[in-house]
Structure formats: C-alpha cells, structure tokens
Amino acid sequence: MTLPSSLWPRIALAAIIGILSGGLAARVGLPLPWMLGPMLGCGLAALAGAPLHGPVPARGVVVPIIGVMLGSGFHPEMLGHMANWTGTLILLPAFLAAATGASFVFYRSVGGYRPVDAFFCAAPGGLNEMVILGGAAGGDERRIALAHALRVFLVISIIALVYALVLDIRAARGAQTWVGLGDLSLRDWAVLGGCAILGAVLAKPLRLPAPQLFGPGLLSAAAHLTEIVTLPPPSILVIASQITIGTILGCRFIGVKPREMGRDMALGLGATLILLCVTTVFAALLGPLTGTSLAEGVLAYSPGGLTEMSLLALAMGQDVAFVSTMHIARIVMVVFGMPLAFRSFGARLGGSPPEDGDG
C-alpha cells in the first residue's frame, strides 16, 4: 500500500507518542503496557485533536508475530498435567458461555450495542485477539479495544486489591524473561519465520477467521508442543508489534467525542463487574467438584491477563502451572470458539458472519 507523503509526519508523530506511552506504561507497571500504553497515549492525543495517523500498513506484518507469540505459550509439560485438571477444564466452556452471555445481554440491553460489537466486547479473550477477530467480523475495533482494555485493567486491579485487603497478599511484578535477537539460532529463526509466513498464507484457503493471526498461531503451537522450537519470538519484535497495534487502536479515536467514550467506559465497568460475579460463582463450584480452593479458582477463571494472574498465583504459593494453563485454555477456547459461534448465531442476532480477511 502506497501512502501519500503528507501522512508520514502524522504516522511518525503517532509512532513517537506510542513508543513513549508504552515505555511510560511499562515503567509504572500498567498491565499489557506495550499495548495499552500506546493505545491510551495515542487515544488521548487523538481526542485532543493531535494530527495523527495510525501505521495501518504495518498491521499485516505485526499480526503474524502476535500469532506466533500466542502459539509459543504451549509446551509439552502441559499435556502431562491435563489429567489432574480435567474437572476444571470441563467446567471452563460452561463458564465462558455464561460469562459471555451475561456480558452480551448487558451490552445489548443496557448499552444498545450492535450484536457484533456486543458479542466481541463480551467475550473474555485476549485484547489483541478480540480486536483482530472483532474487526474481521465487521465490529467497531476501537469500541472492542476499549472494552477489553478496561476489562483487563479492572480485573487485575480489583483482584489484586481484594487479595491485598482480605488475604494480605501483595503480588510484586517481576521482570519477564527477555529473549534477545541473538538468543535464537538460525534454525529457530527459520521455524518461527516459517510459522509466521506459511501460517498466514495457508490459513486463507482454509477459510480460517483472521488468518494472519490463526495460521501462525496454530503452526507455532504445533512447533512448540513438539519442541521443534522452544523459544518465543524475540522480545523486541513482540514489543514492537504490540506498540504498533496499540498505536493503530489509539488513532482510531480520531473524531470520537469524549462523551461517547465516557459512556463506553461506564458500560465496560458494568460488564467487568458482571464477569467477576460469574467468575466467583464458578470458582465456588470448583471446590465441591474438584477440591480447588476459592482463591485459586478465582485466579484460574478470572478474565484478566495471563502474566498478572500467574504472578498473583505465585505470590499466594498456589499452582502457577495450573493457573497459567487455565488462562491459555481460556484464550484458545475463546479465540477458536467465538468466531465459529458468531458464524452460527450472528445471523440470528442480526449481525454478519466474519469475513475471511483480517480486518
């Protein structure tokens, strides 16, 4: 895609704001800092009337990297623990259906959202994935992004506060393992690059939803489960991809009225509280069914960030592998199940099935 030369200064300004906002967010400890930071920074600048333009052409490059990153969360050890976690995994789809259904009804009845927007705002998946899938289905990406950004931030903040006040548990943020460009061998580069490129190409004829995300994610998961490769993509590429997506999302607030955004934020708060209520109910059911404690069950089912929920589990002395696996399973079920569910029920709800593109 060739862009007019007049847009490049706007893109450069958006990129600068995105990078600085991401660095600031990481410094203060914001959840998903390299995604939410640029989104918030560029969003506020856009609402203030700054001359911005999102780096939209770069999206086709960074989305496959995000897909490969998601696939790298799979490892062979997970398979050995699955038998002990069968009950929790069996109940997980019911929880997702109840949580999504309750939030969907709230967004439709109280917020008056279109079915496609209500559906993808309600689904408790990852921010990246829901924005990409919702956009591919014809949804309003900035509205979906705002809903999930609020959900992740509020869930983490509320749970951390409750655990600190009630259980006197405070989770300290630790530095994640950094994967440098030189940490990957030529073979690793070839495998991960092949997952990104071949996955995006092969997913289109298979008519997978959001092919640039799904294809690389599936190949990466297979490669990591079989230990053909054991490392994720280099951290700098993952951060750059998140900054790019966050900057694009923030720039989508150009022309949005602050009053409209405030209403969406209020609805996001209401939907998050509903999700946490459903989470608590299902976590309580895990006790008599599987022997899982309420505290651990809440961590396992809470629709917050994988990293943050795992850190809370570590601080509590709970099974981090259990909590992490439940969150990976939740994201996988949502990412794979929601587009299929929308294809099946979208017409009945008054929406349109997802397009085969990436949005």
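The values are calculated or read from the model by the stated rules, or taken from the named source; none is laboratory data. Only a predicted model underlies this, so the values are computations on that prediction, with no experimental measurement involved. Don't worry about glycine lacking a Cβ; one is built from the backbone with ideal geometry, like all the others, and counts go over all protein chains shown.
Contact annotation: residue pairs with Cβ atoms under 9 Å, 6 or more positions apart or on different chains, pairing a residue in segment 287-299 that is touching a residue at least 60 places away in the same chain (Cβ under 8 Å) with a partner that is part of a loop (DSSP other than H, G, I, E, B), are ALA295/LEU167; ALA295/ILE169; ALA295/GLN318; LEU299/GLN318.
With respect to GLY246, determine if the residue is surrounded by fewer than 14 Cβ atoms within 10 Å (Cβ to Cβ) and either modelled with pLDDT under 90 or in contact with a Lys or Arg (Cβ under 6 Å, 6 or more places away or on another chain) (or both). Taking the combined requirement at face value, the residue does not satisfy it. So, GLY270, is that one in a helix (DSSP H, G or I) and closer than 28 Å to ILE90 by Cα or not? In short, yes. Contact map, segment 324-346: residues that are at pLDDT below 75 paired with residues that are assigned to a helix (DSSP H, G or I) and not charged (D, E, K, R), Cβ distance under 6 Å, separation 6+ or inter-chain. Pairs shown: SER324/SER310; PRO339/LEU133; PHE342/PHE119.
Taking first residues from segment 161-185 that are under 25 Å from PRO233 (Cα atoms) and of a type in the set (A, V, I, L, M, F, W, C) and partners that are in a helix (DSSP H, G or I) and at pLDDT 70 or above, the Cβ contacts under 8 Å between residues at least 6 apart in sequence or on separate chains come to TRP178/SER235; VAL179/SER235; LEU181/ILE236; LEU184/LEU192.
If you take the residues of segment 27-47 that are modelled with pLDDT of 90 or more and closer than 18 Å to SER241 by Cα, which of them is surrounded by the fewest Cβ atoms within 10 Å (Cβ to Cβ)? Among residues in segment 27-47 that are modelled with pLDDT of 90 or more and closer than 18 Å to SER241 by Cα, the one surrounded by the fewest Cβ atoms within 10 Å (Cβ to Cβ) is GLY41.
Looking for something among the small types (Gly, Ala, Ser), within 24 Å of THR100 (Cβ to Cβ) and either surrounded by 24 or more Cβ atoms within 10 Å (Cβ to Cβ) or in contact with a strand residue (DSSP E or B) (Cβ under 6 Å, 6 or more places away or on another chain) (or both) - is there at least one such residue anywhere in segment 258-270? There is no residue in segment 258-270 that is among the small types (Gly, Ala, Ser), within 24 Å of THR100 (Cβ to Cβ) and either surrounded by 24 or more Cβ atoms within 10 Å (Cβ to Cβ) or in contact with a strand residue (DSSP E or B) (Cβ under 6 Å, 6 or more places away or on another chain) (or both).
Beta carbons closer than 7 Å, at least 6 apart along the sequence or on distinct chains, pair a first residue in segment 218-232 that is surrounded by fewer than 20 Cβ atoms within 10 Å (Cβ to Cβ) with a second that is of a type outside the set (Gly, Ala, Ser) and part of a helix (DSSP H, G or I) for ILE228/VAL191; THR230/HIS224; LEU231/ASP183; LEU231/ASP188.
Here the condition is being in contact with a helix residue (DSSP H, G or I) (Cβ under 8 Å, 6 or more places away or on another chain) and either on the phi < 0 side of the Ramachandran plot or touching a residue at least 24 places away in the same chain (Cβ under 8 Å) (or both); of LEU7, LEU70, it holds for LEU70 alone.
Take the conditions (1) modelled with pLDDT under 90; (2) crowded, with 19+ Cβ neighbours inside 10 Å; GLY18 misses just one of them, which is (1).
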